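Have a look at the structure below before the remarks.
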Amino acid sequence: MSDIFREIDEELRRDNLLKLWKQYGRYVIAGVVLVLVVAGAVAAWRDHQAKERAAQSVRYNGALALVRQGRDADAAKAFTALGNEGGGYGLLAAFDEAEMLAKSGDRKGAAAVYDRIAGSGSYDTELRDMANLLSVMQSLPDGDPQSLIKRLEPLAANGNPFRATALDLSAALRLKSGDKAGALQLYRNLADDLTAPQGVRARAAEMAAALAS
């Protein structure tokens with residue numbers, strides 16, 4: 001008798017499954033197809049990204065080769081093109097482009113490239129801060145001291161990895177603007193800052209002593 005009941009139970013279960021399949025089967029199939037399509041798209045995108053990075057690597061190394069050959073104009077064009085593409089190699093190329101412009105004497109052009117990096121939301125905060133700092137350095141001879149000091153304020157905050165350099169530049173800008181007292185105070189603070197690099201502290205102490213004499 002137990003075998004009969006087992007068979008009846010299995011038949012009922014099979015009937016219920018068939019009913020459920022008729023009612024919801026198309027949704028299950030659609031779900032499976034969607035998963036496969038998404039998985040395929042992700043795999044294709046990753047493959048595309050890998051190929052793009054490989055292609056960028058080749059172009060970046062090609063640009064570096066142009067620099068070694070002394071073909072600076074061609075190298076600058078290659079760095080500019082790569083920098084506009086974004087990504088890791090694009091970022092490296094943008095920094096290289098700015099450096100080449102600075103070496104050629106085009107400080108404004110270099111600052112503009114650094115500003116482009118600093119203003120991009122695609123890069124980490126520290127990289128953007130570094131670009132901002134380098135932009136200020138390029139703008140130091142001709143830029144407005146007060147506006148440049150304002151740009152350095154976030155970098156001079158406690159905990160920022162570029163704090164010491166930002167304070168050093170801020171002191172120089174205050175001195176340039178005629179604010180000798182403000183520059184002296186910043187140099188004294190920097191000289192006493194145990195978290196600052198020894199070289200920066202030593203230079204700040206020398207500047208403080210010179211301004212106080």
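Every number here is computed from the coordinates shown, using simple stated rules; none is lab data. None of the values given here were measured: they were computed from a predicted structure. Note that we place each Cβ from the backbone using ideal geometry, even for glycine, and neighbour counts take in every protein chain shown.
Classify region 72-213 as rounded, prolate or oblate from the Cα gyration tensor: take a ≥ b ≥ c as the square roots of its eigenvalues, call it rounded if a/c is under 1.5, otherwise prolate when a/b beats b/c and oblate if not. Kindly include the intermediate steps, with their values, before the conclusion.
Numbers: a/c = 2.50, a/b = 1.92, b/c = 1.30.
Prolate shape, in that a/c is at least 1.5 and a/b is the bigger ratio.
Starting from the Cα of Ala202, step 7 Å toward the Cβ, then list every residue of region 151-191 with an amide N under 15 Å from that point. The answer is 191. Classify region 155-213: rounded, prolate or oblate, from the alpha-carbon gyration tensor (a ≥ b ≥ c, eigenvalue square roots; a/c under 1.5 rounded; otherwise prolate if a/b is larger than b/c)? Oblate shape, in that a/c is at least 1.5 and b/c is the bigger or equal ratio. Using the Karplus relation 6.51 cos²θ - 1.76 cosθ + 1.60 with θ = phi - 60°, the per-residue 3J(HN,Hα) values for region 184-198 come to 4, 5, 5, 5, 5, 4, 5, 5, 8, 7, 5, 7, 7, x, 4 Hz, with x marking Gly and Pro.
Computed from backbone phi, the HN-Hα couplings of region 78-87 come to 5, 5, 4, 4, 5, x, 6, 7, x, x Hz, rounded to whole numbers (Karplus: 6.51 cos²θ - 1.76 cosθ + 1.60, θ = phi - 60°; Gly and Pro given as x).
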